[in-house]
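Structure first, then comments.
The values are calculated or read from the model by the stated rules, or taken from the named source; none is laboratory data. Source: prediction; values computed, not measured. Methodologically, a virtual Cβ is constructed for each residue, glycine included, from the backbone with ideal geometry; neighbour enumeration extends over all protein chains shown. Heavy atoms of the whole protein, side chains included, go into the accessibility calculation; ligands, DNA and RNA do not. Shrake-Rupley method; radii C 1.70, N 1.55, O 1.52, S 1.80 Å.
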Amino acid sequence: MTMTPDDYSDLNNPDIPIPDELKSNIAITTLDRIYNWSRARSVWPLLFGLACCAIEMIATAASRYDPARFGMEVMRPSPRQCDLMIVSGTVTKKMVPQIVRLYNQMAEPRYVLAMGACASGGGPFKEGYNVVDGIDKFIPVDVYVPGCPPTPQALLHGFITLHKKIEGQSIMSVPWYKKGQSEAIPVPVLGPDLIDPRQGELIQAASEGEYSAQFETDENA
Amino acid sequence: MKEISPEATSDVKSVDAVELLSRKFPGSIKPDDRKGYEGIVVDSSKLPEVATAIRDELGFDLLANLSYVDYPEEGVFEVVYNAYNTAVGGKGLTFRVRTSRDEAEIPSLIGVWPGVDFQEREAWDLMGIRFSGHPDLRRILLWEGFAGHPMRKDWREPFYEEDNKPYGTRWPEGQVQRAEMKTPYGMNVQYPGGFKLEGWEPEGEEALYAGLGTPLGIGPDIHQIKTDQLIVNLGPQHPSTHGVFRMAVTVDGETITRLKPVFGYLHRNHEQIGERNTWLQNMPFTDRLDYFSSLANNLAYAISVEKMMGQEIPERADLLRVLMVELTRIQNHYSAIGFLLNDLGAFFTPVLYALTERELILDLFEATTGSRMMCNYMRFGGLAYDLPSYIGGPAIKEGDRERELDTMKFIKGLVYERLPRATDMLDRYLTNNEVLVNRLKGVGVLPGDRAIAYSATGPVLRASGVPYDLRRADPYSIYNEFDFDVAVRYNGDSYDRYLIRLDEVRQSLRILEQVVPRLEETEGQEYMGGKRSYNHRVPAGDHYGHAENPKGELGFHLVSDGGGNPYRYHVRSPSFINLTALEEMCVGHKVADIIVILGSIDIVLGEVDR
Ligand code: SF4
């Protein structure tokens, strides 16, 4: 396919004039721009679905909405090959250790899109005893897409929002080129309820009576 | 105007049943005389014998449902069974046993109906009722080590506000209070008093793996080969398990010797939330059970509650309900076929064909109900809206205005032209495809009697040669006014489970062809019977209502105490119970066949785990 100047005009640095006759052959750009431009146009989502929203994600991936237009049609079931985790549905306490583990296994740069009300904040099932009220309690989320389920159009808008975010990053400051290793997120454990290892002290304090007054009433009978 | 559910023929028989049983088991049987309750109460010590008699002598061979109710005032748990007769259809027999809350234990029925396996485990998990004689009574939806049994009436979730909705506490003084602000952990967790993290060990999954060591006696004799057994986990994150489903499999070489499904990764506490909700508030939640078939779920719930309320439905509402439900069935079966092909390795192309047709049906749903998937369309007594006069479509050419398609024309185009053509196309491309035939024929055979024993329903049961379709066997809505055949296939293998879906699509189209002219006749007529209301009161009583959903029998066991909220709201989920037969279908086959067999059952996790 030959590219028309329009295809990469957003790459050109406007400060340096290019003669008209060379415009379809030459682009002058910054490293940040070409780096982000190519990253944003080849975001591979992780092929995994959680609940109802996953069906809309599949509908989005099908021909009518065609995410190939955004370079996003390649969904990979292995976290090692993916850039984007679409949390498409209700996150339950039983499932969240797996999701955190998958996130830890994804290579940087990685992004998380919380699709729908459930992934964003618990949604209609928030009060359920086995439901996590939002995946952002455990992993950092880049884009939230509202809806129950979000329509494919809304999800596409989420993708475009993510592209904008990617294009705004700079190679100088992105965390994955910093020195040292990024820390893995501690994987939650299933105990009498879901245990976030980061809340160990809080749980200890509660068991020593600091919160027991409140918990007397909420006690399991 | 007509009855919601026509009188079934075997009503008289259930009286005989009580007589016959009480003669056979004097003192152990008594009719349930509470107002609004039906069926018999069985003494728990005699349960297996009575159940065997119900199955063998009375002919109620399919145990459709096992539900459990907590009555803390009386200090008892009640386990409710609904058995049906697959040969003659008609109303079923409800029998129940009671056990004291403190030492809740009743005999397991797994020897009579192996289909109770997962349902008894669920009752143990969520209610804490022990079933003596159950070989593998572990938690099923939650995990070992979870504190408490959450379906008990006195158990409270971390975000507990009040017993029943509507809550008064959400907006104190006009300010929204997020539930997270009220717990010390800032999220949806709670720990039992005195729980100490120090020195605590998670229980892990030994119990699961312990059961996988011993191979079942079915399939080829793998002991001759003397190879190592290996335990493999598939899922919960696996592209072929149709969601967050997990199977722990013992393999010998490539051959499967044991298989245990692991549930609960999408357990969203549907029933517990449902009991806090008002009756109508549960309608949108039913959408999220089998999220491919939200309208069919709506219907099953609506007819169950309407039956308790004695509500009548206008004709147009019934017609629109049938229209929506049959279209739902068609798009569900298309998707099921598409995803089955995915599982066979024909990645995504067949799905694209299936989804293209599905999108058109969803256009109608969206225009009518406002949502593509979560339609929340039905109300007790009718529907939320009539058909719109036109269906909007995107502009296709530059400068075009949005297209406006006449709704009836659109429906006719779908029913008379587009969908029959698409069905023939799938049939032509797939049915005789060599790969498909070789991978499906003879794989995962489930004989008819085993299917009944495992309480399988829907296409899985009918592909095993049992023509049991609730639209005929226990007719609801206005299905008895339509001419259609119950699709049935006889080999019980994956190929027949594939073929039967095409058959059912064709029968659904046949029904729709009869619906469309009547829709035109009733244009403009009332589509809502009774009063529109947010708060319905349902007369006290207990009822098991069910409907033939695309995936099988979706049932609701509802108990009302006469108030505005269901006292008990139990969902009999076809996907969940159909999986009971999975191990037997898979043992002896290769690992790659599990995926195919699972695909041919057609499950959806929202319904499996609820
Ligand atoms: S946001 Fe709605 S559609 Fe999405 S997973 Fe949650 S309940 Fe299902």
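Some points to look at:
- Cβ pairs under 7 Å, 6+ apart, first in segment B:120-131 and assigned by TED's automatic domain parsing to the domain that holds B:Ile110, second surrounded by fewer than 24 Cβ atoms within 10 Å (Cβ to Cβ) and basic (Lys, Arg): B:Arg121/B:Arg138; B:Trp124/B:Arg130; B:Asp125/B:Arg139; B:Met127/B:Arg152; B:Gly128/B:Arg152
- Among the candidates A:Ser78, A:Ser88, residue that is within 16 Å of the ligand (Cβ to nearest atom) and in contact with a strand residue (DSSP E or B) (Cβ under 9 Å, 6 or more places away or on another chain): A:Ser88
- Odd one out for B:Asn535, checked against (1) surrounded by fewer than 20 Cβ atoms within 10 Å (Cβ to Cβ); (2) touching a His at 6+ places or on another chain (Cβ under 8 Å): (2)
- Test result for A:Asp66, more than 16 Å from the chain's Cα centre (by Cα), at pLDDT below 90 and outside the structural domain of A:Gly134 (by TED's automatic domain parsing): no
- Selection count where residues are more than 16 Å from the ligand (Cβ to nearest atom) and either modelled with pLDDT of 90 or more or over 19 Å from B:Gly338 (Cα atoms) (or both), scope segment B:360-377: 5
- The single residue among B:Asn480, B:Asn438 that is in a helix (DSSP H, G or I), open to solvent by 10 Å² or more (accessible area, probe 1.4 Å), among the polar types (S, T, N, Q) and within 30 Å of B:Asn65 (Cβ to Cβ) turns out to be B:Asn480.
- Checked against (1) more than 16 Å from the ligand (Cβ to nearest atom); (2) open to solvent by less than 20 Å² (accessible area, probe 1.4 Å), B:Asp609 passes all but condition (1).
Conditions (1) assigned to a loop (DSSP other than H, G, I, E, B); (2) under 17 Å from B:Gln507 (Cβ atoms); (3) open to solvent by 10 Å² or more (accessible area, probe 1.4 Å); (4) aromatic (Phe, Trp, Tyr), marked per residue:
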site	(1), (2), (3), (4)
B:Lys409	no, no, yes, no
B:Val415	no, yes, no, no
B:Pro420	no, yes, yes, no
B:Gly444	yes, no, no, no
B:Ser455	yes, no, no, no
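- Elements of type strands (runs of 3 or more DSSP E) in segment B:522-610, at least 1 residues being of a type in the set (Asp, Glu): B:541-549, B:552-560
- Scanning segment B:244-264 for residues that are in contact with a Pro (Cβ under 9 Å, 6 or more places away or on another chain) and either charged (D, E, K, R) or open to solvent by 10 Å² or more (accessible area, probe 1.4 Å) (or both) gives B:Arg246, B:Asp252, B:Thr255, B:Arg258, B:Val262.
- Number of the exception - A:Pro149 against (1) open to solvent by less than 10 Å² (accessible area, probe 1.4 Å); (2) within 15 Å of the ligand (Cβ to nearest atom); (3) in contact (Cβ under 8 Å) with a residue 40 or more places away in the chain: (1)
- Meets criteria (over 30 Å from B:Pro475 (Cα atoms), within 16 Å of the ligand (Cβ to nearest atom) and within 16 Å of the chain's Cα centre (by Cα)) for B:Leu295: no
- Within segment B:496-531, the set of residues being in contact with a Phe, Trp or Tyr (Cβ under 6 Å, 6 or more places away or on another chain) and in contact (Cβ under 8 Å) with a residue 40 or more places away in the chain comprises B:Ile511 only.
- Test: residue in segment B:136-158 that is farther than 25 Å from B:Leu582 by Cα, without any contact (Cβ under 8 Å) to a residue 24 or more places away in the chain and away from every other protein chain (no Cβ under 14 Å): no
- Test for B:Ser304: is it touching a residue at least 40 places away in the same chain (Cβ under 8 Å), under 30 Å from B:Asp593 (Cα atoms) and open to solvent by less than 30 Å² (accessible area, probe 1.4 Å): no
- The set of residues in segment A:49-108 being of a type in the set (D, E, K, R) and surrounded by fewer than 24 Cβ atoms within 10 Å (Cβ to Cβ) consists of A:Arg64, A:Asp66, A:Arg69, A:Glu73, A:Arg76, A:Arg80, A:Asp83, A:Arg101, A:Glu108.
Residue-by-condition table, conditions (1) outside any loop (DSSP other than H, G, I, E, B); (2) of a type outside the set (S, T, N, Q); (3) within 16 Å of the ligand (Cβ to nearest atom):
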| site | (1), (2), (3) |
| --- | --- |
| A:Val141 | no, yes, yes |
| A:Ala154 | yes, yes, yes |
| A:Phe159 | yes, yes, no |
| A:Leu162 | yes, yes, no |
| A:Gln169 | no, no, no |
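- Within segment A:91-127, the residues that satisfy the criterion of being part of a helix (DSSP H, G or I), within 16 Å of the ligand (Cβ to nearest atom), without any contact (Cβ under 8 Å) to a residue 40 or more places away in the chain and in contact with a helix residue (DSSP H, G or I) (Cβ under 6 Å, 6 or more places away or on another chain) are A:Ala117, A:Gly123.
- Per the conditions (1) open to solvent by 20 Å² or more (accessible area, probe 1.4 Å); (2) under 26 Å from B:Glu357 (Cα atoms), the sole criterion not satisfied by A:Asp136 is (2).
- Index of the failed condition, B:Leu364 passing every other in (1) away from every other protein chain (no Cβ under 11 Å); (2) among the aliphatic types (A, V, I, L, M); (3) not in a helix (DSSP H, G or I): (3)
- Any chance A:Gly122 is in contact with an Asp or Glu (Cβ under 8 Å, 6 or more places away or on another chain), within 14 Å of chain B (Cβ to nearest Cβ) and under 30 Å from B:Gln177 (Cβ atoms): yes
- Taking every residue in segment A:55-74 that is more than 9 Å from every other protein chain (Cβ to nearest Cβ) and touching a residue at least 60 places away in the same chain (Cβ under 8 Å) and pairing it with any residue that is among the aromatic types (Phe, Trp, Tyr) and surrounded by fewer than 20 Cβ atoms within 10 Å (Cβ to Cβ), at least 6 positions away or on another chain, the pairs with Cβ-Cβ distances below 8 Å are A:Met72/A:Trp44.
- Once segment B:271-286 is narrowed to residues that are in a helix (DSSP H, G or I) and more than 8 Å from chain A (Cβ to nearest Cβ), the residue that is surrounded by the fewest Cβ atoms within 10 Å (Cβ to Cβ) is B:Glu275.
- Some residue of segment B:82-98 being free of Cβ contacts under 8 Å to residues at least 24 places away in the same chain and in a loop (DSSP other than H, G, I, E, B): no
- Residue match in segment A:176-193 (condition: charged (D, E, K, R), open to solvent by 40 Å² or more (accessible area, probe 1.4 Å), more than 16 Å from the ligand (Cβ to nearest atom) and within 16 Å of the chain's Cα centre (by Cα)): no
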